[in-house]
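Heads up: the structure comes next, in structure tokens.
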Amino acid sequence: MNLGENPHDGRRTLPELRELLFLADHLHGLATVETLANLEYQDKAFPLLAMRFGPDDPTTPVLALFGGVHGLERIGSRVVTSYLQTLMELARWDRSTQRMLETTRLLLVPLVNPVGMMLNRRANGNSVDLMRNAPVEAEGLKGWHLFGGHRLSPRLAWYRGRRGAPMEAETQAICDFVRRELFQAEVAISVDVHSGYGIVDRLWFPYAKTRQPFAGLAEALALKQLLDRTYAHHVYRVEPQSREYLAHGDLWDYLYDEYRAAHPAGCFIPFTLELGSWAWVKKNWPQFFSLLGMFNPRLPHRERRILRRHVFLFDFLYRAVQSSSPWAYPEPPRRERLHHQGLELWYGS
Ligand SMILES: [Zn+2]
């Protein structure tokens, strides 16, 4: 994809997108690159790109990674792009990666909201928060909870968009992509990488809309136990998002409910990886006074550490979708037991 000299090409103005396009140019024979949407802002155009490694068959197991849904959270996009780079190299020379890619897909959408990232804002070009934009109402979230999503004004953060309006182009493109690529898979895991909340790295599964238990609780706990056993010193706090806060319009709640209605016995866990950025701020107080600083590490050694830190998690999840028997589709007695353990662990019952 040649950047050319067109001054109206938004690709030129955003380093994260430039890097992605550079990598896309070198994926020939390793992965397919697809433009999920062509986004426009003022007189500039921005592609929403997806990369697919592995077979075309949508029923094969799949891990899908998403980043850059919130334009301020550049580090999430960089974490996914960095993994793309690693995978490109492994796919060239590592036989075990090549063998895994014969049967198991790995999809990457590293920059969902390029316009927001260019503008240094959380929302997209229409000032809509893409993670509050799905038609989902949270239960018991009343009054002035701006953070949980609102329809008051696009000038305020966490704006959901107008009531009854179609979803934003970015959100719609992700829904279409997930329906096409993940819904038919025998086993599917997605990870959407964010930053800006709390001190520890959290791996959230649904729901954001309710404190009611997630239907895939047994699988989520079995997978957490597998992670605990395989990497005893891992740093992630695995929990339902609702333990931290509730929100309207969560895209993953929306997609999960749709999936569940169509595939009541299926296995799909949409995770949100929330990088605990307050720890970086704590170690570097001037960062607190910078808008981007709240969501991104500012010192180069810290950024490098974060880019390295999550590679093993993505590797683990990729192995887990390929070798899913320890956690997916547990037999009824074990499922019951896991479900009850999950209720005790996460839902206080
Ligand atoms: Zn975010």
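The values are calculated or read from the model by the stated rules, or taken from the named source; none is laboratory data. Only a predicted model underlies this, so the values are computations on that prediction, with no experimental measurement involved. Note that we place each Cβ from the backbone using ideal geometry, even for glycine, and neighbour counts take in every protein chain shown. Ligands, DNA and RNA are stripped out before the accessible areas are found, and what is left, the full protein with its side chains, is counted by its heavy atoms. Shrake-Rupley method; radii C 1.70, N 1.55, O 1.52, S 1.80 Å.
Residue pairs whose Cβ atoms lie under 6 Å apart, sitting 6 or more positions apart in sequence or on different chains, and linking a residue in region 265-276 that is away from the ligand (no atom under 13 Å from the Cβ) to a partner that is among the polar types (S, T, N, Q), are P270/S190. Given (1) within 16 Å of the ligand (Cβ to nearest atom); (2) open to solvent by 10 Å² or more (accessible area, probe 1.4 Å); (3) of a type outside the set (A, V, I, L, M, F, W, C), identify the lone condition not met by G68. With (1) within 16 Å of the ligand (Cβ to nearest atom); (2) open to solvent by 10 Å² or more (accessible area, probe 1.4 Å); (3) of a type outside the set (A, V, I, L, M, F, W, C) applied to G68, the lone miss is (2). Tell me yes or no: at least one residue of region 189-200 is modelled with pLDDT of 95 or more, more than 19 Å from the chain's Cα centre (by Cα) and either more than 16 Å from the ligand (Cβ to nearest atom) or open to solvent by less than 50 Å² (accessible area, probe 1.4 Å) (or both). Within region 189-200 (the criterion being modelled with pLDDT of 95 or more, more than 19 Å from the chain's Cα centre (by Cα) and either more than 16 Å from the ligand (Cβ to nearest atom) or open to solvent by less than 50 Å² (accessible area, probe 1.4 Å) (or both)), the answer is no, since none of the residues qualifies.
D228 meets all of the listed conditions (1) closer than 25 Å to E244 by Cα; (2) part of a loop (DSSP other than H, G, I, E, B); (3) of a type in the set (D, E, K, R) but one, namely (2).
Working carefully through the options L275, L255, find the one that is in contact with an Asp or Glu (Cβ under 7 Å, 6 or more places away or on another chain) and either of a type outside the set (V, I, T) or modelled with pLDDT under 95 (or both). Outline the logic, then answer.
Working: L255 fails: in contact with an Asp or Glu (Cβ under 7 Å, 6 or more places away or on another chain).
Only one candidate passes the filter, namely L275.
Close contacts from region 17-32, counting a first residue that is touching a residue at least 40 places away in the same chain (Cβ under 8 Å) and closer than 13 Å to L108 by Cα and a second that is in a loop (DSSP other than H, G, I, E, B) and of a type in the set (G, A, S), with Cβ to Cβ under 9 Å and a gap of 6+ residues or different chains, come to A31/G54. Of all the criteria given as (1) touching a residue at least 60 places away in the same chain (Cβ under 8 Å); (2) part of a helix (DSSP H, G or I), the one not satisfied by L107 is (2). Only one of (1) modelled with pLDDT of 95 or more; (2) out of contact with any helix residue (DSSP H, G or I) (no Cβ under 6 Å at 6 or more places or on another chain) is not met by A208, so which one is it? Unmet condition: (2). Looking across region 117-139 at every residue that is touching a strand residue (DSSP E or B) at 6+ places or on another chain (Cβ under 7 Å) and among the small types (G, A, S), the one that is surrounded by the most Cβ atoms within 10 Å (Cβ to Cβ) is identified as A123. On the stretch given as region 118-167, residues that are more than 27 Å from L14 (Cα to Cα) and within 16 Å of the ligand (Cβ to nearest atom) total 4. Only a single item in (1) touching a Leu at 6+ places or on another chain (Cβ under 8 Å); (2) within 30 Å of L156 (Cβ to Cβ); (3) aliphatic (A, V, I, L, M) is not met by L119, and it is number (1). Within region 162-181, residues that are closer than 17 Å to N113 by Cβ and in a loop (DSSP other than H, G, I, E, B) reach partners that are open to solvent by less than 10 Å² (accessible area, probe 1.4 Å) and of a type in the set (A, V, I, L, M) with beta carbons closer than 8 Å, at six or more positions or on different chains, in the pairs M167/A134; E168/V128; E168/L130. The condition (being closer than 25 Å to F268 by Cα, within 16 Å of the ligand (Cβ to nearest atom) and open to solvent by less than 10 Å² (accessible area, probe 1.4 Å)) is satisfied by just one residue among V62, V80: V80.
When region 140-162 is limited to residues that are of a type in the set (D, E, K, R) and modelled with pLDDT of 90 or more, the one that is surrounded by the fewest Cβ atoms within 10 Å (Cβ to Cβ) turns out to be R155.
Every test in (1) over 20 Å from the mean Cα position of the chain (by Cα); (2) closer than 18 Å to Y83 by Cβ is passed by L17 save one, and that test is (1). For region 133-146, the count of residues that are in contact with a helix residue (DSSP H, G or I) (Cβ under 9 Å, 6 or more places away or on another chain) and farther than 21 Å from L255 by Cβ is zero. Test of understanding: among L108, L90, which residue is at pLDDT 95 or above and buried (at least 24 other Cβ atoms within 10 Å of the Cβ)? Every option except L108 fails the conditions. Cβ-Cβ contacts under 6 Å between residues 6 or more apart (or on different chains), taken from a first residue in region 60-72 that is touching a residue at least 24 places away in the same chain (Cβ under 8 Å) to a second residue that is more than 10 Å from the ligand (Cβ to nearest atom) and among the charged types (D, E, K, R), are listed as T60/R105; P61/E186; V62/R105; G71/R121. Condition (residue is within 16 Å of the ligand (Cβ to nearest atom) and modelled with pLDDT of 80 or more) applied to region 298-307: is it met by at least one residue? Yes, that holds for at least one residue. Annotation for region 31-52: at least one member residue is open to solvent by less than 60 Å² (accessible area, probe 1.4 Å), away from the ligand (no atom under 16 Å from the Cβ), closer than 26 Å to W327 by Cα and not β-branched (V, I, T).
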